[in-house]
1. Could you run the Debye sum over the Cα atoms of the stretch 31-190, one equal point scatterer each and no solvent, and tell me log10 of I(q)/I(0) at q = 0.09, 0.13, 0.14, 0.15 Å⁻¹, two decimals?
2. Using a simple charge model, +1 on the beta-carbon of Lys and Arg, -1 on the beta-carbon of Asp and Glu, nothing else, what dipole does the chain show about its Cα centre, in debye to the nearest 20?
3. Dimensions of the stretch 406-445 along principal axes (Cα, Å, largest first)?
4. Estimate the FRET efficiency between residue 339 and residue 167 by the formula 1/(1 + (r/R0)^6), using the beta-carbon distance for r and 30 Å for R0, to the nearest 0.05.
5. Determine the per residue accessible area of the chain with all protein chains present and a 1.4 angstrom probe, expressed in square angstrom.
6. Roughly speaking, to the nearest percent, how much of the stretch 45-151's 1.4 Å accessible area is carbon and sulfur?
7. Work out which GluC sites (Glu not before Pro) in the chain are exposed loop sites (DSSP not H, G, I, E or B, at most 13 other Cβ within 10 Å) and give the longest gap free of them.
8. Using Cα pairs closer than 8 Å and at least 6 residues apart in sequence, work out the relative contact order for the stretch 187-433, in percent.
Amino acid sequence: MDRYRDNPAALRGLVRDTEVHRDVYIDPEVFDLEMRHLFAETWVYVGHASQLPEPGDYISATVGYQPLLVVRHSDGSIHVLYNRCPHKGTRITTEQCGNTGKFFRCPYHAWSFRTNGKLLSIPLKKGYENTGLDDAEAAAGLRPVANLHVYRDFIFVKLNEGGQSFEEFFGESLSSIDNMIDRSPEGKLVVAGAPLRYLHGCNWKMLVENQTDTCHPMVAHESSAGTAVSVWEREQAEGAKPPMAVEVYSPFMSSYEFFEGMGIRVWPNGHGHTGVATSIHADYSAVPGYMEQMAASYGEGEARRILDENRHNTVYFPNVMVKGPIQTLRVFIPLAADKTLVESWTFRLVGAPDMLFERTLMYNRLINAPTSIVGHDDLEMYERAQEGLRADANPWVNLQRLYQPGERHDVTEVINGTSERQMRNQFHAWASFMAASMERQAAGA
Ligand code: FES
Ligand SMILES: [Fe+2]
């Protein structure tokens, strides 16, 4: 039943000031429209330049339903191409990553393409003489995406023509990516190996919402992090210094007051972050030698400013979360209305002591891995919600906490850290980007 297709007004009606309709999580038609419109109208992260150190290196990415190749060309530039042969549509590669050498070669009839997408050669070319192939779209090779922007090695694309520029879309929110990069004394990050991949039986937006949900850790994680904290308190030798693992998970048991005080900053277009004044990352032990390296690179004051910024989770709308102080990035990849693949990536701070990278890996294992002590608590809650939303009791999900009538979504503001305003911000952006793309398509643009 097409209730929302060709009907941007009905789609907008799913998002109220303080509530969203359950269809945004469970309806396959809404999911289909998200894939076609939301992920085409917004700037979506597809990878990091350090994954492509050499010419010919490539990675695969999927944006909405679109299969893409992100590749390093011989002149060092990065190109993002549709992973679809212009001859008969065959996927050029099915690998997650690799090196293709100087060209891609389609496995079906061996048309080949330079790493900037341009057609290089066709076997038995004389069969195309005087056929007008040069004017056919196929002769242009692998089609590039409409918009590509590489921001300090973070690669983003936007599939739709028109709409917001990269700068307009992200604005000040880029300061969280800046802070993560600036934590390297050389101002450089490298992706460290493959991500942890964790399949979730729930809608992808539940995960995005959870990134700024500060009223759940002390409840949902009590049985895991809470138990671990009480074991540590019981077993520790008098005055012992907590080991790295305890430093990582114990802040999950912080009080409501702590999370209220830490603050949330909302930005336009659905972006926002928790952890303005302080965060769960603020009290980690100092790593020997790191501050000295940072001061040598940036000067004492600037180094202090960079390291005192302890942002917790920054949501890059629609589906990415960055943690600057712990150098992780998570991507919530929608597979179906009730299926999401979560990739948790780690970065090494180039030139920084190894202990920082050790902490990054430990955090990712303890909090984000399928074997984590914390992550499965969240998964249990998402899956219960996905099931519970089928109940006909009430079709609306409540996002009212600390709502202020008349609050705006096109401004930057710092607010109480337990507010659900960032969730409202995301849904406001969701409705407006979806509707913008649908309206543009209806107008034939
Ligand atoms: S489909 Fe690719 S060369 Fe024929
Ligand atoms: Fe959680």
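1. -0.34, -0.68, -0.77, -0.86
2. Value, rounded to 20: 1460 debye.
3. Largest first, the stretch 406-445 extends 43, 15, 15 Å along its Cα principal axes.
4. Efficiency, from the Cβ-Cβ distance: 0.35.
5. I get 44 Å² per residue for the chain.
6. Ligands and nucleic acids excluded, carbon and sulfur reach 48 percent.
7. The answer is 239-445.
8. Relative contact order of the stretch 187-433: 33 percent.
The values are calculated or read from the model by the stated rules, or taken from the named source; none is laboratory data. Just so you know, these numbers come straight off a predicted model, no measurement behind them. Reconstructed Cβ throughout: ideal geometry from the backbone, glycine too, with neighbour counts over all protein chains shown. Each accessible area value is taken on the protein alone, full model and side chains, heavy atoms only, with ligands, DNA and RNA left out. Shrake-Rupley method; radii C 1.70, N 1.55, O 1.52, S 1.80 Å.
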